[in-house]
Every structure is written in C-alpha cells, then in structure tokens.
Amino acid sequence: MKSPVTRTLEALYRRYASLKDGQVADYIPELAKADPDLFGICIATRDGQLYEVGDTRRKFTIQSISKAFSYGLALEDRGEEHMLAKIGVEPSGDAFNAISLRPDTGVPFNPMINAGAIATCAQIVERDGMDRIARITEYLSRCAGQRLTVDADVYRSESSTGHRNRAIGWMLRNFDIIEEDPREIVEAYFQQCSLLVTCADLAVMGATLANQGINPLTGERAVAHEYVDNVLGVMASCGMYDWSGEWIYRVGLPAKSGVGGGILAVLPGQLGIGVFSPPLDSQGNSVRGIRVCMDLARELALHLFNPSAVPPPALRRSYNASQVNSRRRLPQAALRTLRRFGERIRVHELQGPLLFSTLEPVIRVLVKQAPYCQHLILNLSHVPAIDDVSARMLAEFAATIGDSDSRLHLCHVGRFHRSLLDAGFSADSIFPSEDAALEHCENLLLGDLLEGPIEAPSVSLNSCGLFHGRSEAELERLDAGLETMTFAAGQTIIHSGDSADAMFVILSGHAEVLLRLEGDRRQRLDVFSPGMSFGEMAFLDSSPRSADVIALTDVECRVLTRKFFDELGRDHPALQAALLHRIALQLSERLRHANIEIGALRS
Ligand code: GLN
C-alpha cells in the first residue's frame, strides 16, 4: 500500500516535472551534458525510512553540497576557534564564485562559497596515510552510508577550466589563509566537488545531520556530535549563496545546494531531504529543487521556526499516596495513616523527550511541591529520551531538595540509568519500578508517623481483620474448626484456575498475588502480611481462582474451609453472619480504594 508520504512526493513531482525554467550549469563543460529532465525527490527520516520519487538513484556530482561536510571535517581536525579565525560565518550576499574575502584580512566570508570552501579544504589534515581528498571522501561516504567515488570526467573538466577558483586559491595564499601551495588545495577541492552522489544519498546525508551525526542506515557516527550544530548553523545562514536569507525565511531549513542540481535540506532531529534537478536559477540553485522544498516545508509544516512542532507536555499525570499505593496490602492502621498523610508522597508520570523546554514546567511543579512533599517520585516509563541538560537539572534538583527534608526519586529509568548516574544522580534514589519506589517512600513516611512497626511479625487470631470483635467463646470455636497450613518461601498457596473451597488468614509471613500475563510474564497485584485474609472471592462465588498466590517468606495460615463454614451456619448462625459481614466490609473497603485509585489514574 502506498504511504501518504509517497503520495505527497508524487504530487510534488507531477506539479514541477513540467517546469522547464533554468539552465543546466555549463561553466564546467562536463556539467553542460546533464539531462535537464532528470528529477528526483527523496526524504530520509532520522530512523532510516526512505521515501523516494523519480530519479533518486541517478548519480550526479555533489558540487557545493560537499562544502558543508568538508567544513564539519575541518572543524573536527582544528576546532571551532581556529576555524573561525581562518573562515568567517557571515552571509556574503555575493555569488558562490565571488572572490569574497574581507579586504583587510583576506578571511573568506563563509565556508559555503568557493573562497571559504577552498580555505576549509586547506585546514583538513593529512593523516593516517590519507591525503585530503581521501579523508574528505571517507567522511562524506560515512555520511552517505556507502563508498562515494570521484567522477573523473567532471573533475578533469573543472580542473582544466577552473582558473577563477585557482585565482581565489592564490588570493588566499596571498593573505596567508592558505600557507602551502594553493594549486594542490584547489585540485583537492575540485575532486571533492566531483564526488558522485544520488538524490537518496543526499537525503541520507541530511538525515545523518538530523540524527546528531549518526548515519541512520549504518548506525555509524559520521559527524562529531559537538559540530553538528555548527555545520547546520552555517548552512542555515549561508547554504543557498546569495539567496540564503529568502530561503530561511520561506523554507526555514538549513540547506546546501550544488551546481550539479542537488539540494540537501535538514530538519534537525527529524529528517533529511534530497532533491535533484539540474536546471539552475541565476544564483546557481536548482529551480525545481527550490520549488519542491518550499512546497514541502509548507505542506508538511517543516519550517524550523514553526511552533507547531513543540513536544507534548512532559507531565502526563500526577497522584499521591493517599490515592495510589504500592501493591502490598497494608494493615488498617497504616492504610488510614496513608489516606491522611499520603499527600506527602507525590508521583508524577512523565512522557515525551526530556529537554530543557519540556523539563522546565515539571521542575516548576516540583519546586512548588517540595516544601510540603517529603517524597517526589518521577516515573520515566514513557520518556524516550533525556538530554544531558535534563539529566544534569534532575541531578541538581535532587541535590538541592536533599538539603531540606525532601527527596526526589526516579523509577523506570531504563537505558538512561548510566547517564543519570554520570550527571550525579544518586543510585539509591533510582528504583526499578514505581511500586518499589512507592513502597520505599511509604515505609519511610509510615516509619515517621506510626508509633510501632508498620506491621506485626506475627499475629494471633483475635488481631486478624476477619475475626475482629469476636468473643472469647467464638474465638475458641474458630480455633477448633480452622485448619492450619504452613508454606515454605516460594511455594504456591493458590493456583489460578483451581476450584476454591477455602479462604486463608495469614498469621505470619508474607504472600504475593501474581496475575499471569501473556507469555511468561506475571504482574504483582498485592502482597499480604500477617492479619490479612485472601482467597475470599472464589470462596464466596465458587468460581475458579483468578490469580496465583505465592509465599514470599515462610507463611503460616489458618484456613476457613467451606465445610467448616457450612457447619457454622448450622451450629452458630450468628458467628457465620458476623464473618460474612467482615468479609463484606473488607471487600467494600478494597473496592472503595480501587475506585479512588482508578479515579487518580484516569485523571
Ligand atoms: N565546483 C563548483 C565550483 O567551484 C562548485 C560550485 C557550486 O556547486 N556552487 O564552481
């Protein structure tokens, strides 16, 4: 099935295939042979999806588009300050082949016009037995994801006619911008311009810049991360020669064009665009290429300064521990305390990439809450990216509120674990799951607020919720009729699917309820501690067990069998009714809390 993206490109192709304006470049004789009807459009996404229409696999020479990449390589070799001293980054307002040097210093205006590109070429270091053109070829090949080669005919043709570029080389030599024989540098520059690419290669090279310098097809780093913004910056201000101002105004994408008919444009963080059509306008930009990019930017809302591209709010939803608790079931006293004071533990689920602009509103909320919340938990399970700035801001905020009584905890940090630690986030504040983080914070809060321990290590019958309020005589009757069962840690107490003829009361130890999910996955629903009962649902309605219950520690239980329960109905109907009443109360308490929890999680 055809994607609507392909249809968009096809519509553009049809719209402009009949546009015959412009002239194929002929000042390099070999370029004059180009077929003016060739026309290709390609988009490459940051994750390597290609959409292509027309002549996207026809080779042509890259020409000036190479300048953006050789500038990246020179930056890697020499660093930003050195390069700025040698070559400016100001739009010249002149044609690409102008002898555009600052009159006093001879510094070329920018690296996107010939003078700046020739000076850039001179800055590339010969290294590892590779001369300049070998290094340039390798660098551009890594950006394209395949080995590029020089078109020998175009190279020879430009070399035999490129006297103007030689003159620029000598001017640069005169001002000591180039310190060696400029003839060799200019030859390397001619070869760089004669590298063969396709329209699809251009889109991939653009996507490499969009993807912070990593080629999305090969996964290989091609452009050093720290210079991607410099390269894109100079493309944005100077990439389209003396039409750069109107280009960024109308299209709004960093771009570079070449007299071979190619245009490469980049939407940082998202995609690369390649267009190929040889006829050029008077500035040397592809006529169809410009029209296609203008329409594409408008139709797909790609303009860099278009605010429709803002990421979603990072705060997905928030709740506190009076609404949502860890999965273990707490004793009544602890639960009541959490209902009352649970506001002191806040959970925020975040979503989308964390960068300064998305994290800042979250930090704003945290700063407000920190004075009255002891524990702030951020759940990052829906966060696909955390940049260095956000990792550092989170670590700094955690350290700052650590000076007061509050703590910041993270959970579900996944693959960001390392970078958060590197940014200075403390390992003990990072939890594998929200449940673990909540349990930790609940324990601390309850430890502060409750007199005794959160739960007793073991209980007798009269302190079990189910038997609450029973008389001595009744307790004796129960003690005589309830069975006793013990389970070793790890043993299964209840199998899901089994038929049920009993319910359980824990006297000591802990047991967890696990729900079987698809495959082998199981999710913890609950943890029971001494005094609590479980298994009452299937016991009441005679349906099969709905989940597994496993002993977490050694567990001692009392078991209320249906047989004994029926006996009570005959001999002690008031006692049976009292037990049913307690079961009903416990279930309604659970349902009430489930409603609060669902309310909080739905908001
Ligand atoms: N090799 C060409 C030249 O120096 C490149 C110019 C261009 O693509 N604008 O003239």
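The values are calculated or read from the model by the stated rules, or taken from the named source; none is laboratory data. What you are looking at is a predicted structure, and each value in this text was computed from that prediction instead of being measured. So basically every Cβ, Gly included, is an ideal-geometry build from the backbone, and we count neighbours across all protein chains shown. Side chains included, ligands, DNA and RNA excluded: accessible areas come from the protein's heavy atoms. Shrake-Rupley method; radii C 1.70, N 1.55, O 1.52, S 1.80 Å.
Taking the criterion of being out of contact with any strand residue (DSSP E or B) (no Cβ under 7 Å at 6 or more places or on another chain) and within 12 Å of the ligand (Cβ to nearest atom), the only residue of the range 244-261 that qualifies is 258.
In the condition set (1) open to solvent by 50 Å² or more (accessible area, probe 1.4 Å); (2) at pLDDT 95 or above, residue 127 is compliant with all but (2). Taken as a whole, the condition of being over 30 Å from residue 347 (Cα atoms) and touching a residue at least 60 places away in the same chain (Cβ under 8 Å) does not apply to residue 450. Of the residues examined, residue 217 is not one that is surrounded by 24 or more Cβ atoms within 10 Å (Cβ to Cβ) and not hydroxyl-bearing (Ser, Thr, Tyr).
When restricted to residues that are within 16 Å of the ligand (Cβ to nearest atom), assigned to a strand (DSSP E or B) and open to solvent by 10 Å² or more (accessible area, probe 1.4 Å), the range 269-300 contains 1.
Across the range 149-181, what is the number of residues that are assigned to a helix (DSSP H, G or I), more than 14 Å from the ligand (Cβ to nearest atom) and over 30 Å from residue 55 (Cα atoms)?
Filtering the range 149-181 for residues assigned to a helix (DSSP H, G or I) gives 152-161, 163-174.
If we keep only those that are more than 14 Å from the ligand (Cβ to nearest atom) too, we end up with 152, 170-171, 173-174.
Right, trim to over 30 Å from residue 55 (Cα atoms) and you get 170-171, 173-174.
Residues flagged as assigned to a helix (DSSP H, G or I), more than 14 Å from the ligand (Cβ to nearest atom) and over 30 Å from residue 55 (Cα atoms) within the range 149-181 amount to 4.
Residue-wise test of (1) among the hydrophobic types (A, V, I, L, M, F, W, C); (2) closer than 21 Å to residue 134 by Cα.
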| residue | (1), (2) |
| --- | --- |
| 153 | no, yes |
| 161 | no, no |
| 174 | no, no |
| 185 | yes, yes |
| 192 | no, yes |
| 195 | yes, yes |
| 198 | no, yes |
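Kindly provide the set of residues from the range 182-198 that are surrounded by fewer than 18 Cβ atoms within 10 Å (Cβ to Cβ) and either within 12 Å of the ligand (Cβ to nearest atom) or over 21 Å from residue 257 (Cα atoms) (or both), ordered by number. 183, 184 - these are the residues of the range 182-198 that are surrounded by fewer than 18 Cβ atoms within 10 Å (Cβ to Cβ) and either within 12 Å of the ligand (Cβ to nearest atom) or over 21 Å from residue 257 (Cα atoms) (or both).
Each row is one residue, and each column tells you yes or no for (1) farther than 14 Å from residue 264 by Cα; (2) open to solvent by 10 Å² or more (accessible area, probe 1.4 Å).
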{"residue": "202", "(1), (2)": "no, no"}
{"residue": "209", "(1), (2)": "no, no"}
{"residue": "228", "(1), (2)": "yes, yes"}
{"residue": "232", "(1), (2)": "no, yes"}
{"residue": "245", "(1), (2)": "yes, yes"}
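Of all residues in the range 531-568, count the ones that are farther than 23 Å from residue 496 by Cβ and either polar (S, T, N, Q) or surrounded by 15 or more Cβ atoms within 10 Å (Cβ to Cβ) (or both). Total meeting the criteria: 3.
You will find that of 76, 81, 90, 52, the residue that is more than 16 Å from the ligand (Cβ to nearest atom), under 24 Å from residue 226 (Cβ atoms) and not in a helix (DSSP H, G or I) is 90 and no other.
Only one of these is out of contact with any helix residue (DSSP H, G or I) (no Cβ under 7 Å at 6 or more places or on another chain), closer than 19 Å to residue 73 by Cβ and more than 12 Å from the ligand (Cβ to nearest atom): 233, 219. Name it. It would help to see each step written out before you state the result.
Details: 219 fails: closer than 19 Å to residue 73 by Cβ.
One residue alone meets the criteria, 233.
If the condition is being closer than 11 Å to residue 122 by Cα and in contact (Cβ under 8 Å) with a residue 12 or more places away in the chain, then the range 151-175 contributes 169, 172.
For the range 487-530, a residue qualifies if it is of a type in the set (D, E, K, R) and open to solvent by less than 50 Å² (accessible area, probe 1.4 Å), and the qualifying residues are 512, 526.
From the residues in the range 21-39 that are part of a helix (DSSP H, G or I) and among the charged types (D, E, K, R), which one is nearest to the ligand (Cβ to nearest atom)?
Residues of the range 21-39 that are part of a helix (DSSP H, G or I), as a first pass: 29-33.
Add one more test, that the residue is among the charged types (D, E, K, R), and what stays is 30, 33.
Working: 30: 11, 33: 16 Å.
Filtering the range 21-39 for residues that are part of a helix (DSSP H, G or I) and among the charged types (D, E, K, R), the one nearest to the ligand (Cβ to nearest atom) comes out as 30.
Of 109, 60, 69, all but one fail to be open to solvent by 30 Å² or more (accessible area, probe 1.4 Å) and either within 16 Å of the ligand (Cβ to nearest atom) or in contact (Cβ under 8 Å) with a residue 60 or more places away in the chain (or both); the exception is 109. Among the residues of the range 236-243, are any more than 16 Å from the ligand (Cβ to nearest atom) and not charged (D, E, K, R)? Within the range 236-243, one or more residues are more than 16 Å from the ligand (Cβ to nearest atom) and not charged (D, E, K, R).
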